[in-house]
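The values are calculated or read from the model by the stated rules, or taken from the named source; none is laboratory data. All values reported here derive from a predicted model rather than from experimental measurement. Backbone-built Cβ (ideal geometry, glycine too); neighbour counts: all protein chains shown.
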Amino acid sequence: MAVEETRSDEASREVRERARRFVAGARDLDEQSFLGAQFDAGLAWVHFPTGCGGLGQDPAYQSIVDAEVAAAGRAANWMRNPMGIGMVAPVLVEWGTSEQQRRLRSIFTAEDVWCQLFSEPGAGSDLAGLACRARADGDGWVVNGQKLWTTRAQVARYGFLLARTDPDVPKHRGLTTFVVDMRAHGVEVRPLRQMTGHSTFNEVFLSDVSIPDTFRVGPVGEGWRVALTTLANERNAIAADPASATEGPLGHLIAAWEASEGTNGVYRDAVVRLRSEMMVLGWMGQRQQHASDRSPGPDPALLKVMRATLNRRIADLALDLTGANGMLVPGYDGTIPRDDSVALTFLFGPAFTIAGGTTEILKTVIAERLLGLPAEPRVDKDLPWSSIPHGFDRPS
Ligand SMILES: Cc1cc2nc3c(=O)[nH]c(=O)nc-3n(C[C@H](O)[C@H](O)[C@H](O)COP(=O)(O)OP(=O)(O)OC[C@H]3O[C@@H](n4cnc5c(N)ncnc54)[C@H](O)[C@@H]3O)c2cc1C
């Protein structure tokens, strides 16, 4: 135990010193070059292998690097490429070829933004039932189908696609994952308007899109296992997003409460309770992020359900505290609201309970895999996908 502690102390000291040396040497670099240099120094994801932006270290040490980078006044880059950084990068490390792993640098620097092409009109919760079809064609594949709710497809350079390569086996077994060049011939992105007024997600139509076999990620027919890695990382990323007391839902709640103190002192207990729950959840999220076993499991599902539910409770209370003013979006000019506000936080709340797996579905995951309760009946599990009635036209 004493030896272990000494080893980990030494390792964390080395990471801190390396991060300090890097930050000092990169002081004058612009944002993009700084991120590139951070990747080259193995400080992008310290737990990734050397050459992939990491040092093969314990993931817990990433917070040491992040703290040094933040102390140097550099903003966290996660939001510049959330799908790429939060989901695609760990999947490429686990499943990608060394050629595919060369994409990690431009993912970290956000030179290449990525989107996730999983959900379809007929397949969201039942993702394994999807219909988008990839057919082998010479040295590559030809893809036809429609994707839905694709966040950031309008700006993405690459998409991470889950498609059906064999319709004649049970649904989970006939899937394969691919990288899609979003500028390829046959890729059409149509924005969707959300109730907040924004258009952050889209419909994506894929018509005879050619994909080289070198863009396949993981073995043919193993797409479901690759997708599970992606989804666990997505839930991890949503749950671990640090809750700020000055921004986001909690920031709005605290600002609303401070503004109404005296008249609404009665809400103090509720505000403190929600803030405490968010802090606890933040720590649980950090623990999950730093866990050495980050393979797909039910824990991210638990965190994600808690986070989504808490966000809604916080937004509800913020709206109550703000009263009629909470309906207003400051600066709204009838087009796209640009300001974060209580109203937008409230309107966006339900999205968190759906994105990355709905609360109902994740509760089933928790019930079955964490609590060991009897499994839901799944009558189509062993049937060939092609023999299941789908109730929609599917590409033949
Ligand atoms: C903000 C946002 C961003 C998103 N971004 C992306 C993206 O970038 N890429 C992508 O691929 N997808 C994305 N999605 C899609 C998201 O993954 C799906 O919306 C989600 O998986 C639910 O699928 P669905 O919308 O088809 O709903 P459905 O699966 O049709 O579900 C409808 C309702 O039925 C319930 N339900 C369904 N099955 C069961 C069951 N067995 N037991 C109990 N209840 C059930 C659900 O919980 C839900 O309430 C995004 C969604 C949102 C809201």
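When restricted to residues that are outside any helix (DSSP H, G or I) and aliphatic (A, V, I, L, M), region 339-354 contains 1. Restricting attention to region 94-119, and to residues there that are outside any loop (DSSP other than H, G, I, E, B) and within 16 Å of the ligand (Cβ to nearest atom), which single residue is nearest to Thr200 (Cα to Cα)? Out of the qualifying residues, it is Cys115. Has region 272-290 got any residue that is modelled with pLDDT under 90, exposed (fewer than 15 other Cβ atoms within 10 Å of the Cβ) and outside any helix (DSSP H, G or I)? No. Scan region 188-214 for residues that are buried (at least 20 other Cβ atoms within 10 Å of the Cβ) and within 22 Å of Thr165 (Cβ to Cβ) and the total you get is 4. With respect to Arg16, is the statement that it is of a type in the set (Lys, Arg), assigned to a loop (DSSP other than H, G, I, E, B) and touching a residue at least 12 places away in the same chain (Cβ under 8 Å) true? Judged against the criteria, Arg16 is not a match.
Within region 176-198, residues that are within 14 Å of the ligand (Cβ to nearest atom) reach partners that are modelled with pLDDT under 95 and aromatic (Phe, Trp, Tyr) with beta carbons closer than 7 Å, at six or more positions or on different chains, in the pairs Leu192/Phe201; Thr196/Phe348. In region 354-391, the qualifying residues are those that are of a type in the set (S, T, N, Q) and within 12 Å of the ligand (Cβ to nearest atom), and the one that is nearest to Leu127 (Cα to Cα) is Thr358. Scanning region 222-243 for residues that are among the small types (Gly, Ala, Ser), within 17 Å of the chain's Cα centre (by Cα) and closer than 20 Å to Ala156 by Cβ gives Ala227, Ala237.
For region 196-221, which residues satisfy the criterion of being under 21 Å from the mean Cα position of the chain (by Cα) and either under 17 Å from Thr151 (Cβ atoms) or part of a loop (DSSP other than H, G, I, E, B) (or both)? Of everything in region 196-221, those that are under 21 Å from the mean Cα position of the chain (by Cα) and either under 17 Å from Thr151 (Cβ atoms) or part of a loop (DSSP other than H, G, I, E, B) (or both) turn out to be Thr196, His198, Ser199, Thr200, Phe201, Asn202, Glu203, Val204, Gly218. Answer yes if at least one residue in region 47-68 is under 18 Å from Arg235 (Cβ atoms) and within 16 Å of the ligand (Cβ to nearest atom), and no otherwise. Within region 47-68 (the criterion being under 18 Å from Arg235 (Cβ atoms) and within 16 Å of the ligand (Cβ to nearest atom)), the answer is no, since none of the residues qualifies. Checked against (1) surrounded by fewer than 23 Cβ atoms within 10 Å (Cβ to Cβ); (2) in contact with a Cys (Cβ under 6 Å, 6 or more places away or on another chain), Leu104 meets all criteria but (1).
Entry remark, region 134-145: residues being surrounded by fewer than 20 Cβ atoms within 10 Å (Cβ to Cβ) and touching a strand residue (DSSP E or B) at 6+ places or on another chain (Cβ under 6 Å) number 4 in total. For region 147-160, the tally of residues that are touching a Gly at 6+ places or on another chain (Cβ under 9 Å), crowded, with 24+ Cβ neighbours inside 10 Å, in a strand (DSSP E or B) and of a type outside the set (Lys, Arg) stands at 2.
Residue under question is Arg173, and the condition is that it be away from the ligand (no atom under 15 Å from the Cβ), of a type in the set (Lys, Arg) and either closer than 18 Å to Ala131 by Cβ or surrounded by 23 or more Cβ atoms within 10 Å (Cβ to Cβ) (or both); does it hold? In short, yes.
Consider Leu130 carefully, then state whether it is more than 7 Å from the ligand (Cβ to nearest atom), closer than 23 Å to Phe352 by Cα and crowded, with 22+ Cβ neighbours inside 10 Å. For Leu130, the condition - more than 7 Å from the ligand (Cβ to nearest atom), closer than 23 Å to Phe352 by Cα and crowded, with 22+ Cβ neighbours inside 10 Å - is met. With respect to Val143, is the statement that it is in a strand (DSSP E or B) and under 20 Å from Ile211 (Cα atoms) true? The answer is yes for Val143. Yes or no: Gly122 modelled with pLDDT under 95, within 16 Å of the ligand (Cβ to nearest atom) and surrounded by fewer than 18 Cβ atoms within 10 Å (Cβ to Cβ)? Yes, satisfied.
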